[in-house]
Amino acid sequence: MNEAAKLGDIFVTATACRDVLRPEHFAVMKNNAIVSNAGHFNNEIDLDGLRQMSKACLPLRKNLDGYVLADERTVCVIADGGLVNIAAADGHPAEIMDMSFSLQALSAEYLLKNKSTIKAGVHKIPEEVDIRVGQLKLSALGGGYDTLSKEQEEYMNPPLISND
C-alpha cells in the first residue's frame with residue numbers, strides 16, 4: 001500500500017482487516033483521492049488517524065466528506081469509512097435478502113425432514129433446495145425458466161477425468 005497510495009485515485013478496502021489505509025498512506029495520496037471501505041468491518045480505514053492529521057472536514061455531498069490536509073490536499077471518504085454498500089447504498093435490499101432467508105428456511109426444513117440420514121458436519125445446500133428457491137423467486141416475479149435438455153445437462157456437468 002505504501003507504493004500504491006502515491007499512485008491511485010480510488011481506494012476500496014475489502015480485506016476484513018483493520019488499519020489497511022493509515023496516516024502514512026493519506027500523507028502521500030493525490031489531491032481528491034477517493035477512499036471507501038467494502039470490507040467486513042468499519043475499521044479498515046484509520047479514520048481517527050485521518051481526522052488527527054486533517055485541518056478540516058468538509059461535507060462534499062451526501063455520503064462524501066473531504067478531509068483537508070495541512071498542504072491543502074483533500075482525501076475524500078465515502079460513507080464515513082463505513083461499509084459502502086450498507087452506509088451509502090441499498091445495503092442488502094429485500095429483493096436479495098428474501099432469497100437468502102428462503103434458502104435458510106428451506107435448508108432448515110430439509111435438515112428436519114432428513115435428520116436421520118444426515119451425518120454431523122458441514123454440507124453443501126442440496127441442489128433441489130437451491131433450485132426450489134430459484135423457482136419460488138421466479139414464480140413470485142411472474143417469470144419462468146427452461147429445463148436443461150440431456151445434452152445441456154451433460155455439457156454443464158462433464159464427467160471427471162481420472163488421473164489413473
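Every number in this text was worked out from the coordinates using simple rules, so none of it is lab data. The shown structure was predicted, so the numbers you read here are calculated from the model rather than taken from an experiment. Cβ coordinates were reconstructed from backbone atoms using ideal geometry, including for glycine residues, and neighbour counts include every protein chain displayed.
Numbers at a glance
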read-out	value
Stretch gain in nm, segment Ser149-Ile86, where the contour uses 0.36 nm per residue and the Cα spacing is subtracted	18.6 nm
DSSP bridge pairs, the chain: antiparallel proportion in percent, nearest 5	55
Amide H contacts of His40 (H built 1.01 Å from N, under 5 Å, at least 5 apart or other chain)	Thr15, Ala16, Cys17
Loop-located trypsin sites (Lys or Arg not before Pro) in segment 121-164 whose Cβ has at most 13 other Cβ within 10 Å (DSSP)	Lys124
Lys pairs under 22 Å by Cα in the chain, provided they are eight or more residues apart or on distinct chains	7
Spacing of the two label points (7 Å from each Cα toward its C-beta) at Asn2 and His40, in nm	2.7
Sequence of Ser149, Ser116, Ser54 once ranked by neighbouring C-beta atoms within 10 Å, starting from the fewest	Ser116, Ser149, Ser54
Debye-sum result for segment 94-146 in log10 I(q)/I(0), which assumes one identical scatterer on each alpha carbon, at q = 0.21, 0.22 Å⁻¹	-0.79, -0.84
Chymotrypsin sites (Phe, Trp or Tyr not before Pro) lying in DSSP loop within segment 90-164, provided at most 12 other Cβ fall within 10 Å	Tyr145
Share antiparallel - DSSP beta bridges, segment 4-87, percent rounded to 5	55
